[in-house]
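What follows is a set of notes on a single structure, which appears directly below.
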Protein chains: 4
Amino acid sequence: MVAMIQEVTTKQVPYKLASRLHHPSPSVVSVRDRKIGDGSVTVMAGPCSVESRDQIIEIAQALKQAGAHLLRGGAFKPRSSPYSFQGLGETGLKFMAEAREATGLPIVSEVMDIENLPMACEYVDMIQIGARNMQNYPLLRAVGKTKKPVLLKRGLSATIEEWLMSAEYILSEGNPNVVLCERGIRTFETVTRNTLDLNAIPVIKHLSHLPIIIDPSHGTGVARYVSAMSMAAIAAGADGLILEAHQSPETALSDGQQSITPDEFEQLMQRIDVLSRAVNMKEGVTIG
Amino acid sequence: MVAMIQEVTTKQVPYKLASRLHHPSPSVVSVRDRKIGDGSVTVMAGPCSVESRDQIIEIAQALKQAGAHLLRGGAFKPRSSPYSFQGLGETGLKFMAEAREATGLPIVSEVMDIENLPMACEYVDMIQIGARNMQNYPLLRAVGKTKKPVLLKRGLSATIEEWLMSAEYILSEGNPNVVLCERGIRTFETVTRNTLDLNAIPVIKHLSHLPIIIDPSHGTGVARYVSAMSMAAIAAGADGLILEAHQSPETALSDGQQSITPDEFEQLMQRIDVLSRAVNMKEGVTIG
Amino acid sequence: MVAMIQEVTTKQVPYKLASRLHHPSPSVVSVRDRKIGDGSVTVMAGPCSVESRDQIIEIAQALKQAGAHLLRGGAFKPRSSPYSFQGLGETGLKFMAEAREATGLPIVSEVMDIENLPMACEYVDMIQIGARNMQNYPLLRAVGKTKKPVLLKRGLSATIEEWLMSAEYILSEGNPNVVLCERGIRTFETVTRNTLDLNAIPVIKHLSHLPIIIDPSHGTGVARYVSAMSMAAIAAGADGLILEAHQSPETALSDGQQSITPDEFEQLMQRIDVLSRAVNMKEGVTIG
Amino acid sequence: MVAMIQEVTTKQVPYKLASRLHHPSPSVVSVRDRKIGDGSVTVMAGPCSVESRDQIIEIAQALKQAGAHLLRGGAFKPRSSPYSFQGLGETGLKFMAEAREATGLPIVSEVMDIENLPMACEYVDMIQIGARNMQNYPLLRAVGKTKKPVLLKRGLSATIEEWLMSAEYILSEGNPNVVLCERGIRTFETVTRNTLDLNAIPVIKHLSHLPIIIDPSHGTGVARYVSAMSMAAIAAGADGLILEAHQSPETALSDGQQSITPDEFEQLMQRIDVLSRAVNMKEGVTIG
């Protein structure tokens, strides 16, 4: 038939461990003492790139105070151009570890290759697999052999089924700690950097037991649209958010135009707190 | 530069009357005594197709009781196949008018050609321009010459700028009563019928003064995902929703798989009411 | 299964009259004495817009001399902006008819609404349905009730199946003279205006009996790429081309950047002639 | 302006070494004694996966006899599912090397990670970087540090600019032997596996000096469409083709539906030979 959608039944799908059939209740992934997927809203925030020790510690303190639960920051940056800033590498991870000590925030950072994985695992609490590496199967297998929590971003043109198959690569190696992250898909629309596919939230909740968080920073590419899409994600049932925040977005080494300031972050956290209480999340997001 | 997004400034855009610069405060469009765009949440609901007098009156009463503000229903159906049910035509509009009398709900229905426009205007309170006709410029001009409120759906592969340009066609003919409707865009993802682009909400609020409502029924194509995406739309700041509802979706003549039942509609309205109060909408959605 | 393509068998499709099953041999559509679909290469060329009597007659003579078989030219222009040049209307069609008298070339031009269809039929030899109107079903039915040859362009985001269903609307009203035209689809790529989907040629030849021609002008949006894609289309088995040509592209009222000059057209015709003979088309394209 | 395309000038682009400005004449990449980019048509062919010694030697001999210039075959297979056949690994490369000895055909095979790169370099004549790894920057840098010819496939949703930036990663490490391969992009169309973007041929020839070959097997996903799209690619100016061929496609361990038989390959080579002579390629494709 023309334009008919066959609703996916969980029985016909090619993934097993990622399926609701295999694991009917929602999975909860612990990153240090933060639980993702337990009905609360987990907010990860931080700069696109770690730029200096002072920068990351200062922003971490501001974000912690505003209620963030994890600190994000890039030390290995997948840049389209070989001539762009590529990140501080291990030095960046050291600075993030110092920021963790200063604030208590667990840290999440991207790893792009197997070589740096063991080193990175010594620093970070959660490994991020970026959109460009969603189908880098050797890398998926390698993180599957660790027990580190993994934040698996959806590829720019990956179907939800392919995304779950990539999760399956990690799960099938023995690591159950996978959190999915929708970060926008590539479409014809150019007024936003990507098209944030929030349909993914109810679809994933239907098909899988894995937690899902949303990245409205990459999903819109424009700081002024981040707040609205954060609210939308929580209302749709997402388990959390990952947000780019920077002290002075206009001077950021990367992704400044989609980064919000600590003040904007604080206002957003207050809005999310009210929202999450209204929609019966387990608890509000702001702490103590 | 690679992958840089130039944030649209309202000064560079090719539309005039649809721009925030031309009309800095939000437009409010009145459909009978219902105001769209005044900070409240307007919910339009009804079957994909008007199937019979009894069907449309019965569903209208159920939806009215559950808090709907407008009744939707298709009398002229744009079907991919010439052999599919094409709608009841004027008879369908008469049945809708009877449903309005029975419930007090204003009615909205699609018009596909100029020939039927004057006739349709005698029945309906709001004209819908469907996604396939978003760039049917003679039709846009024709509805621009009426004073009827117009619900302008976004085309399947229309950019937001093109969508606003289509609104400009209507506005430039003298009809200021345009409400935009995001109903999902066409992407590579097939697990949902379309990809609902909620980014459009903050983008439209930034660039334009026109109200925007969301159609999660077409935007997902799957009834079970409608509720989550409705909540997301309201949390992101949409001015309302348009929902497909049917007494018995499994026997509907069209779009049954994406239609919710009156019971599901009522539960959703209660959730939206709580949500809209929490996010400081002007008022909750359920009526007295 | 993941990423499996079920090859379409002609038995499962929703169209009937457009299917190879219904009409196993290729259809030949005659436009005056030119036959489209008989194994020869038919080339339609002309400006995007008819701008003046002199312009259209001059370019028609140059194109005729270089071997063109039909003259194209827009009198009713579907423009994204209501403030852009909208075409000369009936006056433009009169000028085209004069160009036909001067050259003997049959003429093809777009009609955007039912109102102007009878008038347009008095002038043109072939009615073009534009990409934006591919699913304007009342218009499709109306051209189906004429016996005029119809050039049916594929919509920007129409699947091949939807395109054939639109042809079915015309065929089912009794008009068998449908020629399909692939003119590029909308994708994420922005270096070209559209992505020319030449896969459509073998797919259409497999599924349908209708002739298919290619529009590399809109399919690339860049004059310098038109020649290569014209050659590709013929080599893939297309029944012809439709090309935008203008005396001075830099001053054209519309689509100048994708228009080639008469000199470039002549060189291209020579290359196509050699190519079509090599790939065993019925005859070369230039006429003795 | 609406829908305007700014033609890319070679001065504004973010790549340097990949640009025509840096290297005005076309690059020629030698793989053993085969030159790619010198005006001739280079045809690489072979099975999706190496399945056994006998299979690869047998098909290599048949393809050699029909005029193939390189042997392709997968030893490390990037499969969406961790439960699918993943390739024979080093054993597969050994079998390919034996097939080279038996036929004289240079061999090309995909490498998915840095770990296996040095080993693979001992066997293969050309390294393939697959579509899923087009933005695996550490891997690109690693192959950039070898001198091996590299076949760089375009990512499923990569823009042409991003693709050239990935080539820049390889070039900037000192390896100038990059051949680009268009293999279809992901769009909304589902009747074919991907949409083969032949626009890429004139665009790449305009912007870059690197050779470009086309993969119509993945670009269509359907064996019956491979021949037409191969012809189209050559007519548009491609430097060659890479084709999946298998003795018995219906029993292939992967990609059987898009694989052609040795007989079909031979017929296609004859058609390409005629075509390439007609369009003034340096020489026909069939040897001896």
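Points worth noting:
- Protein heavy-atom surface of the protein assembly as shown, 1.4 angstrom probe: 48% of the accessible area is carbon and sulfur, with nucleic acids and ligands not counted.
- Cα centroid separation, region A:137-193 to region D:39-101 (Å): 29
- q = 0.15 Å⁻¹, region A:153-288: log10 I(q)/I(0) [Debye, one scatterer per Cα]: -0.77
- As computed over region B:47-204, the Cα convex hull volume per residue (Å³): 131
- Here region B:1-136 carries DSSP beta bridges of which approximately 25% are antiparallel, counting only pairs with both residues inside.
- Check: chain A dipole with +1 on Lys, Arg Cβ and -1 on Asp, Glu Cβ, in debye: 660
- Residues of region B:143-179 falling in the label zone of B:Ser84, defined by backbone nitrogen less than 20 Å from a point 7 Å along Cα to beta-carbon, are B:153-158.
- DSSP-defined antiparallel bridges as percent of all bridges, chain D, nearest 5: 15
- Over 31 Å between alpha carbons, listed pairs A:Lys77/D:Lys147; B:Lys77/C:Lys77; D:Lys145/D:Lys205; B:Lys94/C:Lys16: B:Lys94/C:Lys16
- Screening chain B for whole DSSP H helices of 27 Å or more along their axis (Cα) with average Kyte-Doolittle hydropathy at least 0.0 returns none.
- Farthest toward positive dipole pole in region C:191-288 [+1 Lys/Arg, -1 Asp/Glu at C-beta], among C:Leu207, C:Met231, C:Ala252: C:Leu207
- When you filter the GluC sites (Glu not before Pro) in region D:96-162 for DSSP loop state and at most 16 other Cβ atoms inside 10 Å of their Cβ, you are left with D:Glu115.
- Cα→Cβ-extended label distance, 7 Å offset, between A:Thr251 and C:Ser30, nm: 7.8
- Interface residues, region C:170-187 - accessible area loss of 10 Å² or more versus chain alone, probe 1.4 Å: C:Ser172, C:Ile185, C:Arg186, C:Thr187
- Summing Cβ point charges (Lys, Arg +1; Asp, Glu -1) relative to the Cα centre of the protein assembly as shown gives a dipole of roughly 0 debye.
- Signed unit charges on C-beta, dipole axis of chain D, positive-most listed residue D:Gly130, D:Val13, D:Gly240: D:Val13
- Mean separation of Cα pairs under 8 Å and 6 or more residues apart, divided by the residue count, gives chain D a relative contact order of 21 percent.
- For the protein assembly as shown, the share of DSSP beta bridges that are antiparallel, to the nearest 5, is 15%.
- Three-way shape label, chain B, alpha-carbon gyration tensor, a/c 1.5: rounded
- 13 Å Cα-Cα reach of C:Lys148 towards aspartates and glutamates, excluding residues that sit fewer than 8 places from it in its own chain: C:Glu110, C:Glu122, C:Asp125, C:Glu173
- In the C-B interface, the accessible area buried, summed over both sides, Å² (probe 1.4 Å): 2600
- GNM result for chain D, Cα springs below 10 Å: residue of D:Leu275, D:Leu93, D:Leu151 fluctuating most strongly: D:Leu275
- Rolling a 1.4 Å probe over the heavy atoms of the protein chains gives the protein assembly as shown an accessible area of 32 Å² per residue.
- Taking every DSSP helix (H) stretch of at least 4 residues in the protein assembly as shown, weighting each as -39,500 (n - 2.57) and dividing the sum by the residue count yields a mean residue ellipticity at 222 nm of -10000 deg cm²/dmol.
- Fraction of alpha-carbon pairs over 52 Å apart in the protein assembly as shown - percent: 21
- Lys/Arg +1, Asp/Glu -1 at C-beta; region D:41-278 dipole; positive extreme among D:Pro106, D:His69, D:Thr146: D:Thr146
- Rounded to the nearest 20, the size of the Cβ-charge dipole of region D:43-158 about its Cα centre is 500 debye, with Lys and Arg at +1 and Asp and Glu at -1.
The values are calculated or read from the model by the stated rules, or taken from the named source; none is laboratory data. Only a predicted model underlies this, so the values are computations on that prediction, with no experimental measurement involved. Every residue, glycine among them, receives a Cβ derived from its backbone with ideal geometry; neighbour counts consider all protein chains shown. Heads up: the accessible areas ignore ligands, DNA and RNA and are worked out on the full protein's heavy atoms, side chains in. Shrake-Rupley method; radii C 1.70, N 1.55, O 1.52, S 1.80 Å.
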